[in-house]
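Quick notes on the structure that follows.
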Amino acid sequence: MNEKGKVNVLVVDDDRDFNQSLRESLTEQGFGAFGITDPGQTLSELKNKSYQLVLLDLRMPEKDGATVLREIRKFDSDIGVIIITAYPSIDSAVETLKLQAYDYVKKPFKMAELVDIMNRYVHERGIKADPQRQLMCEIGRKMRELRKDKALTLRQLSNRAGVSLSLISKIERGDCASSLSTLFKLAVALNVEISYFFA
């Protein structure tokens with residue numbers, strides 16, 4: 001885990017737009033998300049940084065995911081690898097699961113489903129995130145979902161609550177521990193009790 005207590009995830013997918021979109025979504029969910037589009041860089045990246053999970057695309061032009069997974073297993077038999085593919089098949093599923101992939105996910109997928117799989121892996125392996133970090137991420141997630149449910153932009157919420165836009169953005173990302181007075185202002189602006197964020 002990195003210095004902020006996040007679970008670090010490496011996204012290996014040659015589709016730049018998908019790679020970036022997935023990393024942004026994972027960051028919003030409180031993970032430390034990093035990505036590479038060249039599968040040939042996977043091992044050097046794993047050697048240079050501590051990762052707990054790898055999200056690995058199966059079909060890439062220069063090197064396919066199964067080959068990368070074999071290389072990962074020679075280097076690290078323990079790291080969690082989740083296969084993501086737009087071209088699922090029984091053969092590839094069997095092959096990657098034999099290589100100890102943790103799971104096999106078909107594109108397109110719902111982000112909540114992928115996060116559930118990732119959280120299950122983290123729980124099963126006993127990977128512990130910092131409790132304060134977990135609380136910050138949970139408060140941020142609830143605030144972001146509630147704001148979106150009410151169709152409010154960050155700026156609109158900022159104006160209603162009298163809290164800076166940049167601070168709200170940091171709270172939603174789980175990068176900032178907000179004071180109770182700030183949370184109270186945001187709860188009032190969102191028309192909920194402050195206890196909502198801690199339920």
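Taken together, the values in this text are just the output of simple stated rules run on the coordinates, not laboratory data. Note that this is a predicted model, so its numbers are computed, not measured. Neighbour counts are summed over all protein chains in view; Cβ atoms, including those assigned to glycine, are modelled from backbone coordinates with ideal geometry.
Sorting ASP17, ASP76 from the fewest to the most surrounding beta carbons within 10 angstrom yields ASP17, ASP76. Of the GluC sites (Glu not before Pro) in region 1-99, the ones in a loop by DSSP (not H, G, I, E or B) with at most 11 other beta carbons within 10 Å are GLU3, GLU62. Which of these values of Cα extents along the principal axes in Å was calculated from the structure shown: (1) 53, 29, 25; (2) 56, 36, 32; (3) 43, 42, 27? Read-out from the structure maps to (1). Within region 11-127, the proportion of Cα pairs with more than 17 Å between them is 51 percent. Computed from Cα atoms alone, the Kirkwood hydrodynamic radius reported for region 131-198 is 11.5 Å.
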